[in-house]
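*Asks:* This is the structure I want to talk about, given as structure tokens.
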């Protein structure tokens, strides 16, 4: 495994609306690189046997197994109104801010339709979905 790109923004793992989450310890400017999602790169075929919620598909042949706890990016939760996005380049996944993020705010990105349909479905606890559930 190649050395991952170090983040310079201080981040903390804390209790979140969805278990544990990753939070900004200082203000983050829009478009800033925040953190790399990393771990062992395995074949898509092997990922079917490994299973789990921390598999990040980087293309049709390769998957990052982000389950090791040293991968702080694994704590970034899904949101239907995220403040981050992922960028896949050369079998690496970088996470950037899509808006200014204030100190103390939780980081989130949209996990995508396939993950949402398989794992989250009607159990989405993101702020947008929680608000909708309260209205019902």
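The values are calculated or read from the model by the stated rules, or taken from the named source; none is laboratory data. These figures come from a predicted structure and were not determined experimentally. FYI the Cβ positions are ideal-geometry reconstructions off the backbone, even for glycines, and counts take in every protein chain you see.
*Asks:* For the stretch 58-89, how many residues meet the condition of being within 12 Å of the chain's Cα centre (by Cα) and surrounded by fewer than 17 Cβ atoms within 10 Å (Cβ to Cβ)?
*Replies:* Here the count works out to 3.
*Asks:* Now for a separate question. What single numbered condition from (1) surrounded by fewer than 16 Cβ atoms within 10 Å (Cβ to Cβ); (2) touching a helix residue (DSSP H, G or I) at 6+ places or on another chain (Cβ under 9 Å) fails to hold for residue 22?
*Replies:* (1)
*Asks:* May I pose another question? Can you work out which of the residues in the stretch 40-57 that are modelled with pLDDT under 95 and in contact with a helix residue (DSSP H, G or I) (Cβ under 8 Å, 6 or more places away or on another chain) is surrounded by the fewest Cβ atoms within 10 Å (Cβ to Cβ)?
*Replies:* So, considering only residues that are modelled with pLDDT under 95 and in contact with a helix residue (DSSP H, G or I) (Cβ under 8 Å, 6 or more places away or on another chain), the one surrounded by the fewest Cβ atoms within 10 Å (Cβ to Cβ) is 53.
*Asks:* Read through the list (1) under 18 Å from residue 112 (Cα atoms); (2) touching a strand residue (DSSP E or B) at 6+ places or on another chain (Cβ under 6 Å), then give the number of the only condition that residue 59 fails.
*Replies:* (2)
*Asks:* Does at least one position in the stretch 73-85 carry a residue that is more than 26 Å from residue 121 (Cβ to Cβ), touching a residue at least 60 places away in the same chain (Cβ under 8 Å) and in contact with a strand residue (DSSP E or B) (Cβ under 7 Å, 6 or more places away or on another chain)?
*Replies:* No, that holds for no residue.
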